[in-house]
Amino acid sequence: MMTFEGLGIDARLIQATDELGYVNPTAIQEQAIPVLLSGTQDFIGLAQTGTGKTAAFGLPLLHIIDAAAKYPQALVVCPTRELCMQIVKEIELFKKYMTGISVVAVYGGASIGLQIRDLKRGVQIVVATPGRLIDLIERKAINLEQIKYVVLDEADEMLNMGFQDDIEFILKNTPKRESTWLFSATMPAEIRKVSKKYMKDPKEVTVGKVNTANKSIDHQYYVTTAQHRYETLKRIIDFNPGIYGIIFTRTKLDAQEISERLTREGYDIDALHGDLTQGQRDKVMGQFRDKTLQLLIATDVAARGIDVQGITHVINFELPDDVEIYTHRSGRTGRAGLQGICISIVHQKEMYKFKQIERINNSQFHKMDIPTGKDVCRKQFFAFMEKLLSADISHGDYETYVPMLAEKFAEVSKEDVLKRVAAMEFDRFLKYYENAEDLNARERDRSTREPRGQENGRRREERSSEGGRGDSRAEYSRGGGSGYSRLFVNLGTKDGFFKASFLQFVLDMSDLKKEVLGKIDMKDMNSWIEIEKGAAQQMIRSLDGKNYKGRRIRMNDADSGGPGGFSGSGNGSRRPRRGEG
């Protein structure tokens, strides 16, 4: 079996990995490190989250960096602050016995002044999020002219977040790079396009099949009705004593509402969403890592880059629209060789979508029955007995109190003592689940189903009414078909936005999904957004009249003849559309 020493990396790095308990490299490390040690080969590594990608690029970087040269030589770009900090933390551990090499993290939500000061001290490796890096480039606070190595980590997540323009801008500003290393869990067409444009004959390594579910994860699903989705979630949590997990929702409103309901019912849970300040976010994440919180409920955008060890369960309160998002959600558990469980709560009308996820992930998903009230109580009772029997009584002077206890309980049988202990622990569960109903959704008998054509038509209507994508995608073409409206908003690049941050801002404000958007055209002071007609009014209601940095936001239909009906932004007028005259 291959060892790190056999990969040919610096002896000082071997000393550090030995101390960390790293003996045998993971599959991606074994295949990537020998290629990357040359420093001249472009590389694409496709592997699931949690397979050791940081060491796969971090160790080769430390091996080939010139410690004597006190300027940025390597640039690692990743999607979020959390991942940025995690990468720096791991690289710091790897370089424990290497002197003279400095690593700095630059990301939004922290003092840019302090980050500029750190850069000026002289660093060899910069780990950055796209937005903050571009800000530093434009301030001329960082010089990328001598960057030799560029690493794009979790490239698919960066593209999902709308960072494609930012990534291309960064690559254009590193003209002397000797190699580009791209790591991703999936390979959407946009990544392939970027790789063809900016990489030369890259060596491509795939560990497992792209989009294939991690074999350390047991994928389960529960079928229920819309009105029972929350109760199903509660029952799943109660049926898994000791659960330590993340619950995913589509919107920040759902995340906040479910978090508040579960908190009121006594669960140790908090929400992570776009309305939190960086300080609030750090506090929540700190409590979750310390296991003060048993559960974290999050939106996909808010959870980007979260890396917490030991997560036992991921729960999809609602299914994501994209298979790639399911892959990233489930990848939060089953890491570092540990087993994990990914649970999806599925409505009957979502089964078509779920089967598509199952097929593309190329893994068996197990249908589970929602536990009955008696099942939950039995499971909790067994867990309590295990906890009782494994309690450590060696550290207290309990022998002193045994005679008093024996005297106190002299007239009470052992069975009665156990009953009283159980009553103290389980009274709430027993009362709550005493008359609990069956939450499992039962399929209708085939003979009572509607004729196929009527059923398909009804399903299309239901998908449309739920805001799903359904078959309506054929009714418009992205980029300005008849199914799109065009909105004007008086925010632009002078308000500090790049396209990615602007996209995230409008989606967070409106609680809409990125799939409803078409082309975004940004100017200095104004922007124009193409959006599905059915979602246009929701976005207008969410943004129009609100304030951004002391300025009142104005948003309206750009083609209605009102303010914003022309896209000149003071820089000329637009050409009239056909038939406008």
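The single condition from (1) closer than 22 Å to residue 246 by Cα; (2) surrounded by fewer than 17 Cβ atoms within 10 Å (Cβ to Cβ) that residue 356 fails is (1).
Filtering the range 359-373 to residues that are in contact (Cβ under 8 Å) with a residue 60 or more places away in the chain and either surrounded by fewer than 16 Cβ atoms within 10 Å (Cβ to Cβ) or not hydroxyl-bearing (Ser, Thr, Tyr) (or both) leaves 360, 361, 362, 364, 365, 366, 367, 368, 369, 370, 371, 373. Residues that are among the charged types (D, E, K, R), open to solvent by less than 50 Å² (accessible area, probe 1.4 Å) and at pLDDT below 90 within the range 522-554 comprise just one, 532. When residue 197 is tested against (1) modelled with pLDDT of 85 or more; (2) surrounded by 20 or more Cβ atoms within 10 Å (Cβ to Cβ), just one condition goes unmet, and that condition is (2). Only a single criterion out of (1) assigned to a helix (DSSP H, G or I); (2) charged (D, E, K, R); (3) over 22 Å from residue 514 (Cα atoms) is not satisfied by residue 140, namely (1). Within the option set 65, 91, 125, 147, being surrounded by 18 or more Cβ atoms within 10 Å (Cβ to Cβ) and either more than 25 Å from residue 172 (Cβ to Cβ) or in contact with a His (Cβ under 8 Å, 6 or more places away or on another chain) (or both) holds for one residue only, 91. Screening the range 203-239 for residues that are in a loop (DSSP other than H, G, I, E, B) and open to solvent by 30 Å² or more (accessible area, probe 1.4 Å) and picking the one that is modelled with the lowest pLDDT gives 210.
Let's see how each residue does on (1) farther than 27 Å from residue 496 by Cβ; (2) crowded, with 20+ Cβ neighbours inside 10 Å; (3) acidic (Asp, Glu); (4) free of Cβ contacts under 8 Å to residues at least 12 places away in the same chain:
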site	(1), (2), (3), (4)
81	no, yes, no, no
99	yes, no, no, no
103	yes, yes, no, no
151	no, yes, no, no
154	no, yes, yes, no
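Quick one: which residue in 99, 40, 3, 26 is under 22 Å from residue 198 (Cα atoms) and among the β-branched types (Val, Ile, Thr)? Among 99, 40, 3, 26, only 40 is under 22 Å from residue 198 (Cα atoms) and among the β-branched types (Val, Ile, Thr). When residue 288 is tested against (1) in contact (Cβ under 8 Å) with a residue 40 or more places away in the chain; (2) under 23 Å from residue 157 (Cα atoms); (3) buried (at least 19 other Cβ atoms within 10 Å of the Cβ), only condition (1) is not met.
For the range 171-200, the tally of residues that are of a type outside the set (Lys, Arg) and assigned to a helix (DSSP H, G or I) stands at 7. For residue 469, indicate whether it is of a type in the set (D, E, K, R), at pLDDT below 80 and surrounded by 14 or more Cβ atoms within 10 Å (Cβ to Cβ). Yes: the conditions hold for residue 469. If you go through the range 168-206 and keep only what is β-branched (Val, Ile, Thr) and either within 27 Å of residue 27 (Cα to Cα) or in contact with a Gly (Cβ under 8 Å, 6 or more places away or on another chain) (or both), you end up with 180, 186, 191, 194, 205, 206. The residues of the range 6-32 that are within 21 Å of residue 187 (Cβ to Cβ) and surrounded by fewer than 23 Cβ atoms within 10 Å (Cβ to Cβ), listed by number, are 26, 27, 30, 31.
The values are calculated or read from the model by the stated rules, or taken from the named source; none is laboratory data. Small disclaimer: the values here were computed from a predicted structure and weren't measured. Quick reminder, even Gly has a Cβ in these numbers, built from the backbone with ideal geometry, and neighbours come from all protein chains shown. Side chains included, ligands, DNA and RNA excluded: accessible areas come from the protein's heavy atoms. Shrake-Rupley method; radii C 1.70, N 1.55, O 1.52, S 1.80 Å.
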